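Worksheet: one structure, shown below.
The values are calculated or read from the model by the stated rules, or taken from the named source; none is laboratory data. Every value quoted in this text rests on a predicted model; they were computed, and no experiment measured them. Backbone-built Cβ (ideal geometry, glycine too); neighbour counts: all protein chains shown.
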Amino acid sequence: MRSGKDAPGYRVLDTAGQGGFGVVYKAYQERLDRVVALKVLTVDKVDQRTMRRFQRELQLTGRLTGHPNVVTVFDTGTTRPGKPYIAMEFFENGSLRDRVRAQGPLPLADVLRTGVKLAAALAAVHEAGVLHGDIKPQNILVSRYGEPAIADFGVARVVDSSEMSATSQAFTPLHAAPEVVSGQPHSVSSDVYSFGPTLYHLLAGQPAFHSPTDPRPESGLPAVRLFLRVSVGPVSRPGPVSEPGPGSVSGSGQPTTPVERAGRGRVVSW
């Protein structure tokens, strides 16, 4: 917990979670007397240009403060050792990935309701001039009222531009667009693509391109194998569900190139 304790003005209360990008702490912000989620990124050697861009994008999300399906960011900065951190709303109910792991595939009606809200939120984010870069179930948090909210804006690009800490977990973009897997930059189009596999994951209980031979759904899969799956591999229907079919909901049959994807709407056609 040392990195969290090195964020000036915050007192770490507990470890809330850990992933490939960083550690999330439940922390107390002393100046404003409130509990927050403090995410410390496990990256090394972040250049000042990348950090300024990251902070600028998070400032843009301030235009969306009050949106029920976007996590509010309160503050950003760097710890004393130089690791970037984000202070944001604390969501005690975890993420949609946590819910899927605990309950299995979600009912179609729940996924439809969630999808409509997230589609509107993602459209609002893009209208504000912000790219997310890593839409997936673990980046969609659940409020105390059961509302989904998109979190972790811009984190993926900080990691892309930095060196991962030797102690961090491998990042496997199982929900990423093919062009991102092959090394191209994130875009509005790649955000739209990731939205489809995210809904598929909720319906199926696992990522669309996960193989039973993988050690676990979020494990470190070689990028070449993943790219081949995303580019040419068929996607199976996620279990028995009622109409409308999950393909129309999850977008699992999406075009694999941004050009082909253009014209299908900013997020998804309902």
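For Val130, which of the numbered conditions (1) assigned to a helix (DSSP H, G or I); (2) over 18 Å from Val24 (Cβ atoms); (3) assigned by TED's automatic domain parsing to the domain that holds His201 fails to hold? Result: Val130 passes all but (1). Among the residues making up the stretch 57-97, those that are free of Cβ contacts under 8 Å to residues at least 24 places away in the same chain and farther than 15 Å from Leu38 by Cα are Gln59, Gly62, Thr65, Gly66. Only one of the numbered conditions (1) under 18 Å from Val188 (Cα atoms); (2) in contact with a strand residue (DSSP E or B) (Cβ under 6 Å, 6 or more places away or on another chain); (3) at pLDDT 90 or above; (4) of a type outside the set (A, V, I, L, M) is not met by Thr61, and that is (3). The condition of being surrounded by 22 or more Cβ atoms within 10 Å (Cβ to Cβ) and either β-branched (Val, Ile, Thr) or touching a strand residue (DSSP E or B) at 6+ places or on another chain (Cβ under 6 Å) (or both) holds for only one of Leu122, Leu96, that being Leu96.
Do we have Glu89 as farther than 16 Å from Thr198 by Cα, loosely packed, with under 15 Cβ neighbours inside 10 Å and at pLDDT below 95 here?
no
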